[in-house]
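What follows is calculated from the coordinates using simple rules that are stated; it is not laboratory data. Computed from a prediction, not measured in an experiment: that's the story for all the values here. A quick note on method: Cβ atoms are made from the backbone with ideal geometry, for glycine too, and the neighbour counts reach across all protein chains shown.
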Amino acid sequence: MDEIMRQNAEDENQNSIHVELTQAVGRVQELAAENEQLREAVNEVRQHENDKVNHQLETVEGKSAEEVGQQPSRELHEDLWARKELEKRFARAMLQNAELAETIDRLEHINQQLELENDTIANHVVLYQHQRKLVRERLRVKDEQLKAMEEERTKTVARCQELQNVLVSVLNKGGVLKEYESSSLA
């Protein structure tokens, strides 16, 4: 019974690990999608930045150096800040992705170990059930033999009683028993 309870506990543990693994795989897929979105966003920002720089270069003609120097540098600063923020977010996502991949590998390894243990336990349970079946069969055969021997003993006792009765009857008819009884009394 303890083995069955232990196996059930291990099955529940294995199921929870399987659920965690499934969740981790889902999270990795979400992060991969987010990673792709971030890459696209970085590319869009770069493209936007390049477009702005080209546009600013075109508008620079005819403006004073002071006007050109102040406005583009502020926009450029905002763009650089946005780019740095995207790069930080991308780095965090990549780190999370790596951690989740490591967790998945660890959980898969644990899952394989648990599957092996589960198979081993299942083999032991099958072996135990087979041995119990053999023991039950031996006990059944032994009980049948004892029953047959008891029936044989009962028949033998009945046969002996019958033979004794026949012998006493024969001896009484021949008068031998009366002579024996009178000589033993005297």
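Per-residue HN-Hα couplings for segment 23-39, Karplus 6.51 cos²θ - 1.76 cosθ + 1.60 at θ = phi - 60°, whole Hz, x for Gly and Pro?
These are the phi-based 3J(HN,Hα) values: 5, 5, 4, x, 5, 4, 5, 4, 5, 5, 5, 5, 4, 5, 5, 5, 4 Hz.
Taking +1 at the Cβ of each Lys and Arg and -1 at the Cβ of each Asp and Glu, which of A93, L134, I121 sits farthest along the dipole of segment 90-174 towards its positive end, judged by Cα position relative to the Cα centre?
Going by the Cα projections, it comes out as L134.
Can you tally the net charge around C160? Count Lys and Arg as +1, Asp and Glu as -1, for every other residue whose Cβ sits under 14 Å from the Cβ of C160.
+1
Give the Kirkwood hydrodynamic radius (Å, one decimal) of segment 11-53, defined as one over the mean of 1/r across all pairs of different Cα atoms.
12.7
Which net charge results when you count Lys and Arg as +1 and Asp and Glu as -1 among the other residues whose beta-carbon is under 11 Å from that of I104?
Around I104, the charge tally is -3.
May I ask you to evaluate 6.51 cos²θ - 1.76 cosθ + 1.60, the Karplus curve with θ = phi - 60°, for each residue of segment 145-159 and list the ³J(HN,Hα) values in order in whole Hz, giving x for glycine and proline?
Once θ is set to phi - 60°, the couplings for segment 145-159 become 5, 4, 4, 5, 5, 5, 5, 5, 5, 4, 5, 5, 4, 4, 5 Hz.
In whole Å, what is the distance between the alpha-carbon centres of segment 77-103 and segment 6-50?
If we compute the Cα centre of each part, the gap is 15 Å.
Where nothing but the Cβ of Lys and Arg (+1) and of Asp and Glu (-1) is charged, how large is the charge dipole of segment 109-182 around its Cα centre, in debye to the nearest 20?
Dipole about the Cα centre, nearest 20: 320 debye.
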